[in-house]
Amino acid sequence: MSNPFREDLVSRTRPEACTVVIFGATGDLTHRKLVPALYNLALDGELPPGVKIIGFARREKTDAEFRAGLEELNRKVSRTGHDDAVWSSIAPNIHYHQSEFTDADGYARLAATLDAIDRDRGGKGNRLFYIASAPEFFDDILTQLKDAGLNEAKEGCWARVIVEKPFGTDLATAQRLNRVVNQTFKEKDTYRIDHYLGKETAQNLMVLRFANAIFEPLWNSRYIEQVQITCSENLGMEGGRGGYYDKSGALRDMVQNHLLQLLSLVAMEPPTDLSADGVRDEKVKVIRSMRKWDTPEKVAQNVVRAQYTKGSVSGKSVPGYREEDRVDPESMTESYVALRIMIDTWRWSGVPFYIRVGKQLPKKATEISVHFKSPPGVLFNALPTGVPGGNVLAIRIQPDEGISLRMVSKIPGTSLRLEPVKMDFQYSTSFGKPSPEAYERLLLDAIAGDATLFARRDEVEEAWKFIDCIEQAWHQAASPLPMAEYVAGTWGPKEADDLLHEDGNTWRRL
Ligand code: BG6
């Protein structure tokens, strides 16, 4: 008998009108991602009528100046282009609020503005606070929201907070931030954003695994030999990014959050239901089960870090990492990292998960590939071609979103010769329309109160426990571990290839 239909577990509640307050509203994220996402939601008729947006930041600006800057960027970056009529439908609902993040008076004025919106402009009393400022202000903003009473929802309304990355720089800072967040908002009203979870293909991972009967029986160490997750970027430290990045590095910037989130979706057990906690309970178990590389020897054996030297990317000469603007010329921060991760569970015992991520690689691409074991060679191994490689299920997260399955086929002809072929599914051809941007989905989910695609407190902390061991080994003053090099525009250092060769594997060519 099939399960009774639980509508509450498959469809979210209807998003209600609310006021979105964005802290750090003059920054890049607001202009390039958040407002274009709200614009595209409005275009698709998904944005609940009556949503108001307040940009909270330190610079002096009028509403008109703020709107003009947002409009200019929306014209450049909106995935669907810019339609004046749609923009005019949201622009009057965008306001600017000037204040220091530490100024209590600024929050008192904000509270008065929010009340006025509810009283005079049909606001519904619901509030979504989006903390997108520089991370050093996260604590102050949360504390000030609490002191102004803005963390408390009015009767029949809700108050939620979205916290942008970076969520701490290690376990201790993440725990501290979690304490401040949870003293201000309930965990159920806290949305720690990880935009990779909003990417269409990442969301499809669960559907692929659990809505198709053919994969799950094979999804374990009996049939799978290795899993690779690659996230390559063909950018360096443009736009002054070096200042932030040089304090962070690839491991903290990408692996702690985006890549471990993807890995947990690939490796998790089927959740008992699709509720936010049902899914997150299973994801956190994966992160907790990752073997810790907790001595310099283990880190040296399982993790490779590297920096790019000058080279050429997409036909353009680029400087080396240490020559980049705002990067310390003697920097020991990695622009590339490759890891072998072992998940000590019944399902994954002995299966290596390899992750590699880096800047200034040949192209922008994120892909997960699941490599199946080869069949016993009794039948075809005697052929001149042998059996050319095993089955590979490749999930392209971006760009060119899709899924392909590599199989072995007979080459047509009178003799028996084998060659790998590919079955390919592409989102763009199957569904005929581009996928929404991650921030569209995530903003709408937060407005609708669905936290499934946001990281829970324990997930973030468990991920930091894994990362901290590696960072500590790297930076032990007595004997810091080596930093490898790769020429910008190549696929990373030789040491990362060696990491896989030790296991008889090679990185998949993207
Ligand atoms: C951010 C990182 O979280 O993700 C950046 O801080 C990185 O360094 C970016 O470039 C990549 O995101 P996307 O969506 O372009 O793959």
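The values are calculated or read from the model by the stated rules, or taken from the named source; none is laboratory data. No experiment lies behind these values; they were computed from the predicted model shown. Reconstructed Cβ throughout: ideal geometry from the backbone, glycine too, with neighbour counts over all protein chains shown.
In the range 225-240, of all residues being in contact (Cβ under 8 Å) with a residue 40 or more places away in the chain and farther than 18 Å from I395 by Cα, the one that is surrounded by the fewest Cβ atoms within 10 Å (Cβ to Cβ) corresponds to G239. If you go through the range 299-339 and keep only what is among the basic types (K, R) and touching a residue at least 12 places away in the same chain (Cβ under 8 Å), you end up with R305, K310, R322, R326. Looking only at residues in the range 390-437 that are basic (K, R), part of a strand (DSSP E or B) and away from the ligand (no atom under 16 Å from the Cβ), which one is surrounded by the fewest Cβ atoms within 10 Å (Cβ to Cβ)? Selected residue: K422.
Check the range 371-381 and report whether any residue there is under 21 Å from D497 (Cα atoms), assigned to a strand (DSSP E or B) and not aromatic (F, W, Y). Within the range 371-381, one or more residues are under 21 Å from D497 (Cα atoms), assigned to a strand (DSSP E or B) and not aromatic (F, W, Y). Take the residues of the range 164-202 that are within 16 Å of the ligand (Cβ to nearest atom) and of a type in the set (V, I, T): which is nearest to D253 (Cα to Cα)? In this case the residue turns out to be T169.
Count, please, the residues in the range 193-227 that happen to be out of contact with any Pro (no Cβ under 9 Å at 6 or more places or on another chain) and outside any helix (DSSP H, G or I).
Residues meeting the conditions: 13.
The listed residues are A451, A438, A455, and the only one of them that is under 30 Å from V313 (Cα atoms), of a type in the set (A, V, I, L, M) and touching a residue at least 12 places away in the same chain (Cβ under 8 Å) turns out to be A438. Annotation note: of A451, A478, A488, the sole residue that is aliphatic (A, V, I, L, M), over 23 Å from I193 (Cβ atoms) and away from the ligand (no atom under 16 Å from the Cβ) is A478.
More than 25 Å from the chain's Cα centre (by Cα), within 21 Å of W158 (Cα to Cα) and at pLDDT 95 or above: is that true of R109 in this structure? Spelling it out, R109 is indeed more than 25 Å from the chain's Cα centre (by Cα), within 21 Å of W158 (Cα to Cα) and at pLDDT 95 or above. Between I53, I141, the distinction of being touching a strand residue (DSSP E or B) at 6+ places or on another chain (Cβ under 6 Å), touching a residue at least 60 places away in the same chain (Cβ under 8 Å) and among the aliphatic types (A, V, I, L, M) belongs to I141 only. Screening E440 with (1) within 16 Å of the ligand (Cβ to nearest atom); (2) charged (D, E, K, R); (3) assigned to a loop (DSSP other than H, G, I, E, B) gives one miss only, at (3).
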